[in-house]
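Right, one structure below, let's go through it.
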Amino acid sequence: MESNKYLEDISEIKNMMSRSSRFISLSGLSGILAGVYALIGAAVAYGKLKAVSTENYNNFSGRSSELFGSQLINELIVIALVVVVLAILTGIILSYRKASKSGEKVWNSASRRLVLNFLIPLAAGGIFCLVLLQYGYTGLVAPATLVFYGLACVNASKYTLGDVRYMGLAFIIIGLISTQFIGYGLYFWALGFGVFHIIYGAMMYFKYDRKS
Amino acid sequence: MSLIDNINKAFDHRIRLGIMSILMVNDYADFNMLKELLGATDGNLASHTKALEKEDYIKVEKQFIGRKPNTRYSTTPLGKKEFQKHIDALEKLIGK
């Protein structure tokens, strides 16, 4: 009888330690949806690129921003922004739902820390990519976004579900691999932001969301 | 019966256990954060933090954020040590 109470105490301790230091309401489903948006975005971008130049699209991300003119670049940036905004909104809404189900507040000190520590490497990476564009190193933008996003995930993983760490490492690895395949940035983006998000989102969904 | 000796009576309550658990993994926590996480009422939480403070297991700092008073709590080295002992004793008792 007594040992039952001790068992309860231990699980209460574990529960409080993780709930107070990590934001565990991160929704796996939002990862899956973010991946789907990314794949759709990549398909649209691919279509645009193909329409502009059927034989040359592999040169996209080569050192040749003049090649397609800024009109196309602007369109691609708009596509990317739409994908990012949709993914973030979905993430917020689904995490909010998951949090309110478990009686947790979404905007607490744990989620604040999560967002801050995610944004530090990401903002540095974003600025760095703008600099790459400034000097015309368009080809390195895709690898840089993947690597910095991966670093952001690794950094943020200390404040949320640990699985995010492995997703971050996967992003860093394909980011580095993609530096050797300049011109195929779109494929690596689709693989990373599309496929990886879906795989890890699904893993997290089955591991955490389904149980509760 | 040395095992039971390490079970610390000061931690023998769900709220106190919760306070110590939260403070073990966070540098500090303020009153509202504890209240939210533990689902305790103001008075209830205040009496438990006071008890832990009296044992010198937690430290209380009162300060102002802008104009709002803010009370934040952190563990003392003694509190950390005692709570760790308590956890170890619990784990031994359940035969882990």
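Among residues of the stretch A:131-146 that are farther than 12 Å from residue A:189 by Cα, those with a beta-carbon under 9 Å from a residue that is surrounded by fewer than 18 Cβ atoms within 10 Å (Cβ to Cβ) and among the aromatic types (Phe, Trp, Tyr) at least six positions away or on a different chain give the pairs A:131/A:137. For the stretch B:69-81, the count of residues that are more than 14 Å from the chain's Cα centre (by Cα), exposed (fewer than 12 other Cβ atoms within 10 Å of the Cβ) and within 21 Å of residue A:113 (Cβ to Cβ) is zero. Residues of the stretch B:1-58 that are among the acidic types (Asp, Glu) and more than 9 Å from chain A (Cβ to nearest Cβ): B:5, B:27, B:42, B:53, B:55, B:56.
Residues satisfying the criterion are present in the stretch A:96-105 (criterion: over 23 Å from residue A:81 (Cα atoms), surrounded by 20 or more Cβ atoms within 10 Å (Cβ to Cβ) and touching a residue at least 24 places away in the same chain (Cβ under 8 Å)).
Of these, B:50, B:68, which one is under 12 Å from residue B:19 (Cα atoms) and out of contact with any Phe, Trp or Tyr (no Cβ under 8 Å at 6 or more places or on another chain)? Steps first, answer last, please.
Working: B:68 fails: under 12 Å from residue B:19 (Cα atoms).
Only one candidate qualifies: B:50.
Pairs are defined by a Cβ separation below 9 Å, a sequence spacing of at least 6 or placement on different chains, a first member in the stretch A:76-92 that is surrounded by 12 or more Cβ atoms within 10 Å (Cβ to Cβ), and a second member that is of a type in the set (A, V, I, L, M) and not in a helix (DSSP H, G or I); the pairs so defined are A:91/A:26; A:92/A:106.
When the stretch A:73-124 is filtered for residues that are within 14 Å of chain B (Cβ to nearest Cβ) and part of a helix (DSSP H, G or I), the ones remaining, listed by number, are A:99, A:100, A:109, A:110, A:111, A:112, A:113, A:114. Residue B:85 satisfies every condition listed in (1) within 14 Å of chain A (Cβ to nearest Cβ); (2) under 28 Å from residue A:103 (Cα atoms); (3) modelled with pLDDT of 90 or more except (2).
The residue list A:150, A:192, A:175 contains one member that is in contact with a helix residue (DSSP H, G or I) (Cβ under 6 Å, 6 or more places away or on another chain), under 15 Å from residue A:118 (Cα atoms), part of a helix (DSSP H, G or I) and not polar (S, T, N, Q), which is A:150.
Note on the stretch B:13-61: among residues that are in a loop (DSSP other than H, G, I, E, B) and of a type outside the set (S, T, N, Q), the one that is surrounded by the fewest Cβ atoms within 10 Å (Cβ to Cβ) is B:27.
The number of residues in the stretch B:1-52 being modelled with pLDDT of 90 or more and within 9 Å of the chain's Cα centre (by Cα) comes to 13. Note on the stretch A:20-44: residues that are surrounded by 22 or more Cβ atoms within 10 Å (Cβ to Cβ) and facing another protein chain (nearest Cβ under 7 Å) total 1. Among the residues of this structure, residue A:127 does not count as one that is within 19 Å of the chain's Cα centre (by Cα), under 21 Å from residue A:38 (Cβ atoms), surrounded by fewer than 17 Cβ atoms within 10 Å (Cβ to Cβ) and more than 14 Å from chain B (Cβ to nearest Cβ).
The values are calculated or read from the model by the stated rules, or taken from the named source; none is laboratory data. Being a predicted model, the structure only gives us computed values, none of them experimental. As a convention, Cβ positions derive from the backbone with ideal geometry for all residues, glycine included, and neighbour counts pool all protein chains shown.
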